[in-house]
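Each remark here refers to the structure printed beneath this line.
The values are calculated or read from the model by the stated rules, or taken from the named source; none is laboratory data. These numbers come from a predicted model, not from an experiment. Cβ: placed from backbone, ideal geometry, glycine included. Neighbour counts: every protein chain shown. For accessibility, only protein heavy atoms count, side chains too; no ligands or nucleic acids. Shrake-Rupley method; radii C 1.70, N 1.55, O 1.52, S 1.80 Å.
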Amino acid sequence: QVQLVESGGGLVQTGGSLRLSCAASGFSFRNYFMAWYRQAPGKQRELVATILSGGRANYGDSVKGRFTISRDNAENTVYLQMNSLKPEDTAVYYCKTQIGNSNYWGQGTQVTVSS
């Protein structure tokens with residue numbers, strides 16, 4: 001079955017960096033787009049970045065220029081490099097894929113940015 005497992009979250013100071021990983025299994029990873037979302041307490045889940053199977057990436061306005069999404073098809077892993085972190089980046093970060101009409105989510109990893 002499809003599994004997505006995020007890792008790499010933690011506590012970091014303002015201006016710091018983190019790299020999140022999402023290990024995928026149970027499907028042909030190289031053929032599907034992947035996305036990172038985040039959800040802060042009391043807020044709706046927000047799209048952070050997407051990457052197509054061919055590597056084309058898109059970003060939410062709030063992270064453009066600071067975050068970079070990438071994928072390693074040999075390792076079935078998608079990454080999110082987060083630089084110049086701000087307190088408003090504090091959230092649970094989720095990776096997601098869509099196969100047919102079904103969305104699949106990981107369990108999330110907490111990122112906390114202290115001011």
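Exposure here means at most 16 other Cβ atoms within 10 Å; with trypsin sites (Lys or Arg not before Pro) in a DSSP loop as sites, the longest stretch of the chain lacking them is 67-115. Between the residues Asn31, Val12, Leu47, the greatest Cα displacement towards the positive end of the dipole of segment 1-88, with unit charges on the Cβ of Lys, Arg, Asp and Glu, is found for Leu47. Under the convention that each Lys and Arg Cβ holds +1 and each Asp and Glu Cβ holds -1, the size of the dipole of the chain around its Cα centre is about 160 debye.
Each residue of segment 34-43 is assigned a 3J(HN,Hα), and the resulting list reads 10, 9, 10, 10, 9, 9, 8, x, x, 10 Hz, derived from the Karplus form 6.51 cos²θ - 1.76 cosθ + 1.60 (θ = phi - 60°), x at Gly and Pro. Computed over neighbours whose Cβ is under 15 Å from that of Val48, the net charge equals +4, Lys and Arg +1, Asp and Glu -1. Solvent-accessible surface of segment 5-63, taken per residue with a 1.4 Å probe and all protein chains present: 56 Å². Ligands, DNA and RNA left out, the accessible area of the chain computed with a 1.4 Å probe is 43% carbon and sulfur. Taking every C-alpha pair closer than 8 Å and separated by at least 6 residues, the mean separation divided by the residue count of the chain gives a relative contact order of 36 percent.
Taking the chain as a Gaussian network, Cα atoms linked when under 10 Å apart, which of Leu47, Leu85, Leu11 shows the biggest mean-square fluctuation? Between Leu47, Leu85, Leu11, it is Leu11 that shows the largest mean-square fluctuation.
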